[in-house]
Amino acid sequence: MERCAVIGIGQTQHRARREDVSLAGLLREAAERALQDAELRFRDIDAVVIGTAPDMFEGVMMPELYLADALGAAGKAITRVHTAGSVGGSTALVASHLIHAGIHSKVLALAFEKQSESNAMWALSPVIPFQPQLTAGAGGYFAPLVRAYMRRANAPRHIGHLVAVKDRLNGVKNPYSHLKLPEIDLAAVEASPMLWDPIRQLDTCPSSDGAVAMVLTDAGAAARSPHRPAWVHGGAMRSEPVMFAGRDQVNPRAGIDCAKDVYAQAGVTDPRRELDVAEIYVPFSWFEPMWLENLGLCPMGDGWKLTEAGVTALGGELPINPSGGVLCTNPIGASGMLRFAEAALQVRGMAGEHQVDGARLALGHAYGGGSQFFSMWIVGSDPP
Amino acid sequence: MTRPIAVVGFAQLPNVRRDTAREEGELVQPVVNAALEQAKLTRKDIGFTCSGSSDFLLGRPFSFVSALDALAPWPPMSESHVEMDGAWALYEAWVRLQCGDVDTALVYAYGKSSLGNLRDVLAQQLDPYYLAPLVPDSVSLAALQARALLDAGSCREREMAQVAARSRRDAQHNPFAQVKKTADVEQLLDAPYLVEPLRKHDCPPISDGACAVVLRAARSGNDRQVVITGIDHRVEPHALGARDLTRSVSTRQAAERAGVFERKVDLAELHAPFTHQELLLRRELQLSAEVKVNPSGGALAANPMMVAGLTRIGEAASRLARGEGKRAIAHATSGPCLQQNLVCVLEVT
């Protein structure tokens, strides 16, 4: 297998509404920044892989066709990935496979969502023929899982609020972040309206317009990159069913298996110690402790204790989401790739104010559907 | 040098105008089971799975999620999805197999083109700011291309009718085809225009369907197998004014990279939903008169959206496996007027 490196990363200013740019303009903003970082131009790119969540969010069917022009894809290969909320991560992995397989030397991977074009909450509440309508928005689906976690782990009610505060304060350090809430504190989260018990408004991610792009290359192109590359040490995807009585949606087996696979590829045997930082997909604050356990970063039932002890804070022993994460910025289709890209920024030492000192090995994580689709990668400062 | 990948299973549903009984999972499960059975594999043997479908056809988000349940993905599996024709899912699976760490892949696609007004639905593919508001439907855009070809003297309406007549004749031998009513060329040319210069016979039917393909790393030794020796896809600008509609540059580019022109071709399964597009593709692929084109009847006989491209690969592989030739081309297209094209070369080894 060819080695794969990330040599360029770019993202948009994320906001609730980017009315200053078209869909194509939004993607180009991210793409141009990634190319600038890599000191490459569109003509240097061999293939383009784009990912976004359902086409209905923007009302454009198979948008790769329309976007081909703006992304300089004419005469090249363009692929469109859609794996629900994990799509940003899956898109990066599909792009990395083109490099690993030795088919292309330089691939531009992009993920986006322009959620202001529609109402994401109701787009995420589909009425499926012959099935009961289970949800009112993603929060309606996930709140019962959070309650189940709280009972199992005997977790106190304020844990989620701690994550909400921590990630928002991290987001203040991230120049691209959608939400900037420097004044946030525990009392503010506790006072915010209850949306889906126990998830309060400030425990919830925003709805954002945004895009992210990465330039992935083989070792030859990485050797010529102007800045330090992030090397891909492993990547994995896992999916499990919607309707299956044997599922544990609080601690999904797909997540456990995916993490084991990616750790094995990267030669990681003790992830808690070996990983310097992790960017994980936390759309509702409680998912930080839940995923800590699912990812094997602590024993079952201990996730909330890490959060409470400040282990996951920037400056803690294992910082989680120093960028501010999905709780600060959530263009759904891009949210997964933002995790992958932020992990890469950390090991390149290019994360700016939210840089984790000396980060050399980082996990990027995304999930989607009803906690059933997972994609993850591990990136490092050194080649594998 | 790419790793040779064999096509070891292919199954499709009979294509119909409207399948009211089946939802996603029920479309997918029978073809997946049949393709695996043909490959003598079970789901547990599969290293990577990839599917193609479109939410817009089903009219709701995440329709592929329901389809996945039909595979009973437990324990969880390594799986991905493209919002594209299944031919591109096969490409992703082929790339995944090139990485060398997995040896088997399952690819499937499903589409219910009948649920909405397909011409209006496909208009949602267009540039949302400048083109989609004008609602040019898919048949009208194809008609623009046909007109450009006729005006350039690159084809004649009679040749287009000949394509339709041959397609229907061949479809009679395809148990999965939808349009089998034969007609001679004169009869076809007597029909009124649907969207000038296209008549009904120049256009594909609206079809519901599904298909599945199983891939496995080719085995060394004397086993007779059908192997993918080259595959590539390319896209052209979306803006129709930026393209020469009498050419299919991306087909030519993909064909060159897939190695089409290196040796003689025996048969070709071309995803040409409109008659003039087959004539155009034949020229770009430099197919001589001896090459058997679309022995299945092609997309004019059945055109389930998101499926018909993958079906071309499955059909071409099946025909080689049955001894109908040694080397075949399969082609898939996406977007208005052949905007995006994939070319796959299959050989018997």
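The values are calculated or read from the model by the stated rules, or taken from the named source; none is laboratory data. Model, not experiment: these values are computed from the prediction. Don't worry about glycine lacking a Cβ; one is built from the backbone with ideal geometry, like all the others, and counts go over all protein chains shown.
Considering A:A111, A:A53, A:A92, A:A84, the condition of being within 19 Å of the chain's Cα centre (by Cα), surrounded by 24 or more Cβ atoms within 10 Å (Cβ to Cβ), within 14 Å of chain B (Cβ to nearest Cβ) and at positive phi is satisfied by A:A84 alone. Output yes when any residue across the range B:290-304 is assigned to a strand (DSSP E or B), in contact (Cβ under 8 Å) with a residue 12 or more places away in the chain and either farther than 30 Å from B:A161 by Cβ or over 16 Å from the mean Cα position of the chain (by Cα) (or both), and no when none is. Yes, some residue in the range B:290-304 is assigned to a strand (DSSP E or B), in contact (Cβ under 8 Å) with a residue 12 or more places away in the chain and either farther than 30 Å from B:A161 by Cβ or over 16 Å from the mean Cα position of the chain (by Cα) (or both). Could you check, for the range A:295-312, whether at least one of its residues is among the small types (G, A, S), within 14 Å of chain B (Cβ to nearest Cβ) and within 19 Å of the chain's Cα centre (by Cα)? No; the residues of the range A:295-312 include none that is among the small types (G, A, S), within 14 Å of chain B (Cβ to nearest Cβ) and within 19 Å of the chain's Cα centre (by Cα). Taken over the range B:215-235, the criterion of being within 14 Å of another protein chain (Cβ to nearest Cβ) and over 18 Å from the mean Cα position of the chain (by Cα) is satisfied by B:A217 alone. Would you check if there is a residue in the range A:124-144 being touching a helix residue (DSSP H, G or I) at 6+ places or on another chain (Cβ under 9 Å), more than 14 Å from every other protein chain (Cβ to nearest Cβ), of a type in the set (A, V, I, L, M, F, W, C) and assigned to a helix (DSSP H, G or I)? Among the residues of the range A:124-144, at least one is touching a helix residue (DSSP H, G or I) at 6+ places or on another chain (Cβ under 9 Å), more than 14 Å from every other protein chain (Cβ to nearest Cβ), of a type in the set (A, V, I, L, M, F, W, C) and assigned to a helix (DSSP H, G or I), which makes the answer yes.
When you look at B:T246, is it surrounded by 24 or more Cβ atoms within 10 Å (Cβ to Cβ) and in contact (Cβ under 8 Å) with a residue 40 or more places away in the chain, yes or no? When the stated conditions are applied, B:T246 does not pass them. Screening A:M150 with (1) away from chain B (no Cβ under 12 Å); (2) surrounded by fewer than 17 Cβ atoms within 10 Å (Cβ to Cβ); (3) touching a Lys or Arg at 6+ places or on another chain (Cβ under 8 Å) gives one miss only, at (2).
Entry remark, the range A:344-371: residues being within 14 Å of chain B (Cβ to nearest Cβ), buried (at least 24 other Cβ atoms within 10 Å of the Cβ) and touching a helix residue (DSSP H, G or I) at 6+ places or on another chain (Cβ under 6 Å) number 1 in total. Being outside any helix (DSSP H, G or I), surrounded by fewer than 20 Cβ atoms within 10 Å (Cβ to Cβ), out of contact with any strand residue (DSSP E or B) (no Cβ under 7 Å at 6 or more places or on another chain) and at pLDDT below 95 is a description that applies to B:G116. Residue count for the range A:235-257, restricted to those that are over 16 Å from A:G368 (Cβ atoms) and hydroxyl-bearing (S, T, Y): 0.
State whether one or more residues within the range A:263-279 are under 22 Å from A:P331 (Cβ atoms) and either charged (D, E, K, R) or part of a loop (DSSP other than H, G, I, E, B) (or both). Looking for residues that are under 22 Å from A:P331 (Cβ atoms) and either charged (D, E, K, R) or part of a loop (DSSP other than H, G, I, E, B) (or both), one finds at least one in the range A:263-279, hence yes. Reported count of residues in the range A:169-210, each being in a loop (DSSP other than H, G, I, E, B) and touching a Pro at 6+ places or on another chain (Cβ under 7 Å), is 4.
Within 24 Å of the chain's Cα centre (by Cα) and free of Cβ contacts under 8 Å to residues at least 12 places away in the same chain: is that true of B:N117 in this structure? Yes. Annotation: B:V179 fulfils all but one of (1) buried (at least 20 other Cβ atoms within 10 Å of the Cβ); (2) within 22 Å of B:R283 (Cα to Cα); the unmet one is (2). A:E32 meets the conditions (1) within 24 Å of B:W88 (Cβ to Cβ); (2) more than 14 Å from chain B (Cβ to nearest Cβ) in every case but one. The failed one is (1). Does A:E58 satisfy the criteria of being touching a residue at least 12 places away in the same chain (Cβ under 8 Å) and in contact with a Ser or Thr (Cβ under 9 Å, 6 or more places away or on another chain)? Spelling it out, A:E58 is indeed touching a residue at least 12 places away in the same chain (Cβ under 8 Å) and in contact with a Ser or Thr (Cβ under 9 Å, 6 or more places away or on another chain).
Any chance the range B:239-257 includes a residue that's in contact with a Gly (Cβ under 9 Å, 6 or more places away or on another chain), within 14 Å of chain A (Cβ to nearest Cβ), outside any helix (DSSP H, G or I) and not basic (K, R)? Checked against the condition, which is being in contact with a Gly (Cβ under 9 Å, 6 or more places away or on another chain), within 14 Å of chain A (Cβ to nearest Cβ), outside any helix (DSSP H, G or I) and not basic (K, R), the range B:239-257 yields no hits at all. Taking the criterion of being over 24 Å from A:N330 (Cβ atoms) and either within 10 Å of another protein chain (Cβ to nearest Cβ) or assigned to a helix (DSSP H, G or I) (or both), the residues of the range A:95-108 that qualify are A:H97, A:L98, A:I99, A:H100, A:A101, A:G102, A:I103, A:H104. Among the residues in the range B:306-313, are any out of contact with any Phe, Trp or Tyr (no Cβ under 9 Å at 6 or more places or on another chain) and either surrounded by fewer than 24 Cβ atoms within 10 Å (Cβ to Cβ) or assigned to a loop (DSSP other than H, G, I, E, B) (or both)? No, the range B:306-313 contains no residue that is out of contact with any Phe, Trp or Tyr (no Cβ under 9 Å at 6 or more places or on another chain) and either surrounded by fewer than 24 Cβ atoms within 10 Å (Cβ to Cβ) or assigned to a loop (DSSP other than H, G, I, E, B) (or both). No other residue among B:G323, B:G298 is surrounded by fewer than 24 Cβ atoms within 10 Å (Cβ to Cβ) and on the phi > 0 side of the Ramachandran plot apart from B:G323. Can you confirm whether B:A317 is crowded, with 24+ Cβ neighbours inside 10 Å and either under 12 Å from the mean Cα position of the chain (by Cα) or hydroxyl-bearing (S, T, Y) (or both)? Taking the combined requirement at face value, the residue does not satisfy it. Scanning the range A:66-77 for residues that are buried (at least 24 other Cβ atoms within 10 Å of the Cβ) and within 7 Å of chain B (Cβ to nearest Cβ) yields a total of 4.
Just to be sure, is A:M290 more than 14 Å from every other protein chain (Cβ to nearest Cβ) and in a loop (DSSP other than H, G, I, E, B)? When the stated conditions are applied, A:M290 does not pass them. If only residues of the range A:225-256 that are in contact with a Cys (Cβ under 8 Å, 6 or more places away or on another chain) and more than 8 Å from chain B (Cβ to nearest Cβ) are counted, the one that is nearest to B:S66 (Cα to Cα) is A:V232.
Inclusion of B:V139 among residues that are surrounded by fewer than 22 Cβ atoms within 10 Å (Cβ to Cβ), facing another protein chain (nearest Cβ under 10 Å) and in contact with a Leu (Cβ under 9 Å, 6 or more places away or on another chain) is not warranted. Of everything in the range B:265-284 that is surrounded by 24 or more Cβ atoms within 10 Å (Cβ to Cβ) and touching a Ser or Thr at 6+ places or on another chain (Cβ under 7 Å), the residue that is nearest to B:C344 (Cα to Cα) is B:E269.
Taken over the range B:57-112, residues that are facing chain A (nearest Cβ under 10 Å), within 25 Å of A:H104 (Cα to Cα), among the hydrophobic types (A, V, I, L, M, F, W, C) and without any contact (Cβ under 8 Å) to a residue 60 or more places away in the chain amount to 3.
If you go through the range A:239-259 one residue at a time, do you hit one that is modelled with pLDDT of 95 or more and closer than 21 Å to A:G324 by Cα? No, because not a single residue in the range A:239-259 is modelled with pLDDT of 95 or more and closer than 21 Å to A:G324 by Cα.
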